[in-house]
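The values are calculated or read from the model by the stated rules, or taken from the named source; none is laboratory data. Keep in mind that what you see is a predicted model, and the values were worked out from it rather than measured. Glycine also receives a Cβ, built like all others from the backbone with ideal geometry; neighbour counts cover every protein chain displayed.
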Amino acid sequence: MLTIKNLHATIEGKEILKGIDLEIKAGEVHAIMGPNGSGKSTLANIVAGNEAYEVTKGEIIFEGKELLEMNPEDRAREGVFLAFQYPVEIPGVSNATFLKTAINEIKKYHNQAELTPKEFLSLMKEKSKILGMEEALISRSVNVGFSGGEKKRNEILQMLMLNPKLALLDETDSGLDIDALKIVSNGVNLFKAKDNAVLVVTHYQRLLNYIQPDFVHVLYNGRIIKSGGKELALELEDKGYDWIKPELVESETVYRS
Amino acid sequence: MNEIKEKDKNPEDLSEDMKVLDDLTTSEYKWGFITDIETETVPKGLSEDVIRLISAKKHEPEWMTEWRLKSFRYWKKMEEPHWPNVQYPPIDYQDLSYYSAPRKKPLLNSLEEVDPELLKTFEKLGIPLTEQKILAGVAVDVVFDSVSVTTTFKETLKEKGIIFCSISEAIQGHPELVKKYLGSVVPYTDNYFAALNSAVFSDGSFVFIPKGVRCPMELSTYFRINASETGQFERTLIVAEEGAYVSYLEGCTAPIRDNNQLHAAVVEIVALDDAEIKYSTVQNWYPGNKEGKGGIYNFVTKRGACRGRNSKISWTQVETGSAITWKYPSCILQGDNSIGEFYSVAVTNNYQQADTGTKMIHLGKNTRSTIISKGISAGRSNNSYRGLVKIGKNADGARNFTQCDSMLMSDKCGAHTFPYIEVENESAKVEHEATTSKVGADQIFYLNQRGLATEDAINMIVNGFCKEVFNELPMEFAVEAQKLLAISLEGSVG
Ligand SMILES: Nc1ncnc2c1ncn2[C@@H]1O[C@H](COP(=O)(O)OP(=O)(O)OP(=O)(O)O)[C@@H](O)[C@H]1O
Ligand SMILES: [Mg+2]
C-alpha cells in the first residue's frame, strides 16, 4: 500500500529526515516510536503532503501512485488520512458542515453520489456513538474549545467518517484518559480491515496493548534505527532508547575491542 | 498555471497552495458589463441652475427645490473631510454629471412597459424582476443610474397601508410624510457628502410601515450605476410607526469603468415606539481592477433613529465592493429600552480601501447596542474599523458590547481598529473585544488533508469567521453574500 524509499526532508534548511525506508502492506498495523524531535510528525506530515517541509530526496509510492507529485487534497481523496498531533481550530465552522463537505469532496473525486443530509446525519450518529461523543460536539465549531481529549476523539471520528485506506495516527493517545484510550482504540480496531492500513505514532506501549501492531519501528534522529515485532515496544518501555542509539552502541563496541 | 509562474516576483515563500490562489486572482468582477441604453444626462457641473434643472425634471414642488438649494449653498461653504484612513486623488465636483436617466420614460405600473434592455440588464444581474421571481415573495425597487425604474408588488403592500415606492414618487404622492421625516435623522448640515446628496439626490426608495403593521415580505432595492462619469446620489427614507416591523435589503453593482465614480448616498431610518427595522446591505460596487484602477468611491451616510421606546434598528452589511468605502451606519438610541445593532463584514482585496464602522449614540435609559465587525483584508488593501460608542448623561443602565475581528490574508494588507468610547453616565457598561488573525497555513493544510481544495478551504475559514454576521442576513441573501465573498477573495492569499 505504502512504500517509502530513501526519504530525505528538510525544514527551514535543517535536515530532519535522513533516509527513511518503510513498507506498509494492506491489513497491517505499524507503530513508530522514538524520542521527541526525532522526526515522527515530520514523516506523517510529509506523507500527507504538508508543504511546510521540503523533500530533498526519495520517493513515496501509495497504491502505485507517486504521492510526492500529488497535492494534499488529492492524497486525502485517494485515501491518506492524518490524525493530527495538534488538531487545528476552525472558528465558526461546525463539525458537521466541515465533515459533510469533506465527505462529499471525496465522493465527488471518485464520481460517487454525494451523501444526502439524512444519510450524512445517520452516519454521523452511528460513528459518534462508537466514540461516545456527545451530539453537542457535532454542532460546535471544529475543535474550538474542545479539550485535548475531545480533539483527539474528533480526529478519530473524522477517520471513521472518511474511511481512508491509510490512517496515520500521530500521538492520538496523548491527552486521552484511560477510558477514552480504550474507546478510541476500539474505534481504530473497528476501522481496521484487510484492505486498509494503520500507522500509529506513539510514545507509550500502553496504546499498543489495545491496538496490536504487526511492526514497531524506532525513529531516531531522522532514521529508522530498529524495526521489530510488538515485543520491541515492551523492550523500549523497559529500557528506554539508549541501548539502541547508534552512537552509543558504536562507542560501546569500540570500548570492548 | 503558466501565467502565474511568470508573475510571481517573490516565489521564495509561496507554497504550491499560494500559487494556485495567486492564479485565481485573475478572476474578474462579474457584474461589470455596460448596458447600451439611451439616456438623458444633464451636462457635467454643479450649480444652482443644475439643481433647479434636476428638480424640474422630477416635477418637484417648490419646497423640495428650496431644500435642495439650501443644502447646496451650505455644501459650498464646507470642506471635504480627510480624516478617514483612505487615500484618493482630489475629486473634481464640476467634472461630474449629476443626473442620468433612461430616456424611455419608465412606467411604474407594469413590467411589460420597462425597456427590454433594462430588463435584460437586471436578468444578467440575477435581480428578481420577472413574474416568476416575484412569486418568490420579495418586493423590489430598482434604481438605474438616477431613477427608480420599477417597484414590484406595490398593490399587495398597499392593502396593508404600506408605502414602498421611489423617493421621487413619494415626494409627489406623500409630501406630508417626506416633509416630516426627510432630513430629520441626517440633516443636510451633517457632513460634506450628506449636504451634497441633499442638493442633488436623484432617486432612492421610500418605505412607510403604518402603526401595528408587520411588513409581510422583504423589501428590497437594487441600485445600479450604468452611465459613466455620473455620480449616484440616492436618498432612502424608511419609517416604521408604532409597533411596525420591516426587513429591508439593499444591493448594488456597477459596470467596469476605468475612471472612478462617486456614489454618495444618504439613508435615514426612523423607528417609533416598539417598532423594528432590519436593514441589510450587500454592497458590491465595482472595486477597481487588480492594479487599483477605476472603481466606485462609496461615501455614504446611513443613520437610524430609535425615537420610540423599545424600538430596535439593526444594520447588517456585507461590503465587498467599491474602490473606497467610507461609511458608518449608526443608531441614535433615543427611546428608553431601545436597541441598536451593527453587524458588518467588510472585505478588501487588491488596492481597495475601507474605513467603515458605526456610531451608537445612547441617549435613552436602558438602551443597548451590539457591534460585531469582521474585517477581512487581502492583497494590498487597507481595512479600518472606526466606531464610536457614546453614552449620554441620561442613559442610565446603557450597555454596549463591541467585538472587532480582523483577518489578514496577505503580508501586504493592513487592518486597523479605531474604537472611540465616550461615557458620561456612571451606570453604563461598555465592553470592547478585538482580535486579529491570519488565515494560517496550518488551517488550510488541515482542510486540505480532509479533501478540500485550497480555495474551498479558504472560503470555509472565511465563512466561519463571518458567521455571526451572516446569521443576521435573510436566508437567500446570506447565500448570496457567501458566494460574493468567495468571488471577492479568489486568489487572495499570499
Ligand atoms: N516549523 C519548524 N521549524 C523549525 N523546526 C521544525 C519545524 N517543525 C519541526 N521542526 C523540527 O523538526 C524536528 C522533528 O520534529 P517532529 O515534530 O517531526 O518530531 P516528533 O518526532 O514528532 O517529536 P514529538 O515526539 O515531540 O512529537 C524537531 O527538531 C523540530 O524542532
Ligand atoms: Mg510529533
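Observations, loosely collected:
- Taking the stretch A:61-78 as the range and being in contact with a Leu (Cβ under 7 Å, 6 or more places away or on another chain) and facing chain B (nearest Cβ under 10 Å) as the test, the residues that pass are A:Glu73, A:Arg75.
- Residues that are assigned to a loop (DSSP other than H, G, I, E, B), more than 11 Å from B:Gln352 (Cα to Cα) and of a type in the set (Gly, Ala, Ser) within the stretch B:270-299 comprise just one, B:Ala275.
- Among the conditions (1) of a type outside the set (S, T, N, Q); (2) within 17 Å of B:Thr320 (Cβ to Cβ); (3) without any contact (Cβ under 8 Å) to a residue 40 or more places away in the chain, B:Arg368 misses just one, which is (2).
- Tally of residues being within 20 Å of B:Lys179 (Cβ to Cβ), surrounded by 19 or more Cβ atoms within 10 Å (Cβ to Cβ) and of a type outside the set (S, T, N, Q) across the stretch B:40-66: 5
Here's the yes/no breakdown for (1) modelled with pLDDT under 90; (2) closer than 26 Å to A:Phe98 by Cβ:
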position	(1), (2)
B:Phe401	no, no
B:Asp405	no, yes
B:Met409	yes, yes
B:Glu424	no, no
B:Ser427	no, no
B:Asp442	no, yes
B:Arg450	no, yes
B:Glu472	yes, yes
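- Taken over the stretch A:143-179, the criterion of being assigned to a loop (DSSP other than H, G, I, E, B) and away from ligand 1 (no atom under 14 Å from the Cβ) is satisfied by A:Asn143, A:Val144, A:Gly145, A:Phe146, A:Ser147, A:Asn163, A:Pro164, A:Lys165, A:Leu176, A:Asp177.
- Here is the figure for the stretch A:102-116: residues that are surrounded by fewer than 19 Cβ atoms within 10 Å (Cβ to Cβ) and either in a loop (DSSP other than H, G, I, E, B) or facing another protein chain (nearest Cβ under 8 Å) (or both) total 8.
Residue-by-condition table, conditions (1) closer than 26 Å to A:Met133 by Cα; (2) modelled with pLDDT of 95 or more; (3) out of contact with any Asp or Glu (no Cβ under 8 Å at 6 or more places or on another chain); (4) more than 16 Å from ligand 2 (Cβ to nearest atom):
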{"site": "A:Asp173", "(1), (2), (3), (4)": "yes, no, yes, no"}
{"site": "A:Ala197", "(1), (2), (3), (4)": "yes, yes, no, yes"}
{"site": "A:Tyr220", "(1), (2), (3), (4)": "no, no, yes, no"}
{"site": "A:Ile224", "(1), (2), (3), (4)": "no, no, no, no"}
{"site": "A:Lys230", "(1), (2), (3), (4)": "no, no, no, yes"}
{"site": "A:Lys239", "(1), (2), (3), (4)": "no, no, yes, yes"}
{"site": "A:Trp243", "(1), (2), (3), (4)": "no, no, yes, yes"}
{"site": "A:Pro246", "(1), (2), (3), (4)": "no, no, yes, yes"}
{"site": "A:Ser257", "(1), (2), (3), (4)": "no, no, yes, yes"}
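- Scope the stretch A:117-143; condition closer than 22 Å to B:Tyr446 by Cβ, surrounded by 16 or more Cβ atoms within 10 Å (Cβ to Cβ) and not aromatic (Phe, Trp, Tyr); matching residues: A:Leu123, A:Met124, A:Lys127, A:Ser128, A:Leu131, A:Met133, A:Leu137, A:Ile138, A:Arg140, A:Ser141, A:Val142, A:Asn143
- Look at the stretch A:79-95: where a residue is touching a residue at least 24 places away in the same chain (Cβ under 8 Å) and a partner is among the basic types (Lys, Arg) and within 16 Å of ligand 1 (Cβ to nearest atom), sitting 6+ places away or on another chain with Cβ atoms under 8 Å, you get A:Ala83/A:Lys152; A:Pro87/A:Lys151; A:Pro87/A:Lys152.
- Selection count, the stretch A:204-218, where residues are surrounded by fewer than 16 Cβ atoms within 10 Å (Cβ to Cβ) and either at pLDDT below 90 or closer than 23 Å to A:Ala180 by Cβ (or both): 5
- Residue within the stretch B:34-53 that is closer than 30 Å to B:Ala378 by Cβ, hydrophobic (A, V, I, L, M, F, W, C), at pLDDT 50 or above and not in a helix (DSSP H, G or I) present: yes
- So B:Ser410, is it at the interface with chain A (Cβ under 9 Å from one of its Cβ atoms) and either among the aromatic types (Phe, Trp, Tyr) or touching a residue at least 24 places away in the same chain (Cβ under 8 Å) (or both): no
- Within the stretch A:41-60, being surrounded by fewer than 22 Cβ atoms within 10 Å (Cβ to Cβ), touching a strand residue (DSSP E or B) at 6+ places or on another chain (Cβ under 6 Å) and either more than 14 Å from chain B (Cβ to nearest Cβ) or part of a loop (DSSP other than H, G, I, E, B) (or both) holds for A:Tyr53, A:Thr56, A:Lys57, A:Gly58, A:Glu59.
- Residue match in the stretch B:248-261 (condition: over 21 Å from B:Asn400 (Cα atoms) and of a type in the set (Phe, Trp, Tyr)): yes
- Residues that are crowded, with 21+ Cβ neighbours inside 10 Å and not in a helix (DSSP H, G or I) were ranked within the stretch B:440-471; the one that is farthest from the other protein chains (Cβ to nearest Cβ) is B:Cys466.
- The number of residues in the stretch A:122-162 that are out of contact with any Leu (no Cβ under 9 Å at 6 or more places or on another chain) and more than 13 Å from every other protein chain (Cβ to nearest Cβ) comes to 9.
- Listed conditions (1) within 16 Å of ligand 2 (Cβ to nearest atom); (2) more than 23 Å from B:Asp442 (Cβ to Cβ) are all met by A:Glu63, apart from (1).
- Residue in the stretch A:73-86 that is in a loop (DSSP other than H, G, I, E, B), surrounded by fewer than 23 Cβ atoms within 10 Å (Cβ to Cβ) and away from ligand 1 (no atom under 15 Å from the Cβ) present: yes
- Taking the listed residues B:Val185, B:Val213, the one that is closer than 14 Å to B:Thr301 by Cβ, touching a strand residue (DSSP E or B) at 6+ places or on another chain (Cβ under 9 Å) and at pLDDT 95 or above is B:Val185, with no other qualifying.
- The condition (being crowded, with 18+ Cβ neighbours inside 10 Å, assigned to a strand (DSSP E or B) and in contact with a helix residue (DSSP H, G or I) (Cβ under 7 Å, 6 or more places away or on another chain)) is satisfied by just one residue among B:Lys374, B:Lys390, B:Lys359: B:Lys374.
- Residue count for the stretch B:264-300 under the criterion of being among the polar types (S, T, N, Q) and either within 27 Å of B:Glu241 (Cβ to Cβ) or surrounded by fewer than 24 Cβ atoms within 10 Å (Cβ to Cβ) (or both): the result is 3.
- For the stretch A:198-236, a residue qualifies if it is in a loop (DSSP other than H, G, I, E, B), within 16 Å of ligand 1 (Cβ to nearest atom) and not hydroxyl-bearing (Ser, Thr, Tyr), and the qualifying residues are A:His203, A:Asn221, A:Gly222.
- Residue that is of a type in the set (Val, Ile, Thr), farther than 14 Å from A:Ile224 by Cα and touching a residue at least 24 places away in the same chain (Cβ under 8 Å), where the choices are A:Ile16, A:Ile11, A:Ile32: A:Ile11
- Complete set of residues in the stretch A:79-101 that are touching an Asp or Glu at 6+ places or on another chain (Cβ under 8 Å), within 11 Å of another protein chain (Cβ to nearest Cβ) and closer than 17 Å to A:Gln158 by Cα: A:Gly79, A:Leu82, A:Ala83, A:Phe84, A:Pro87, A:Val88, A:Thr101
- Residue pairs whose Cβ atoms lie under 9 Å apart, sitting 6 or more positions apart in sequence or on different chains, and linking a residue in the stretch A:110-125 that is basic (Lys, Arg) to a partner that is surrounded by 10 or more Cβ atoms within 10 Å (Cβ to Cβ), are A:Lys125/A:Glu135; A:Lys125/A:Ile138.
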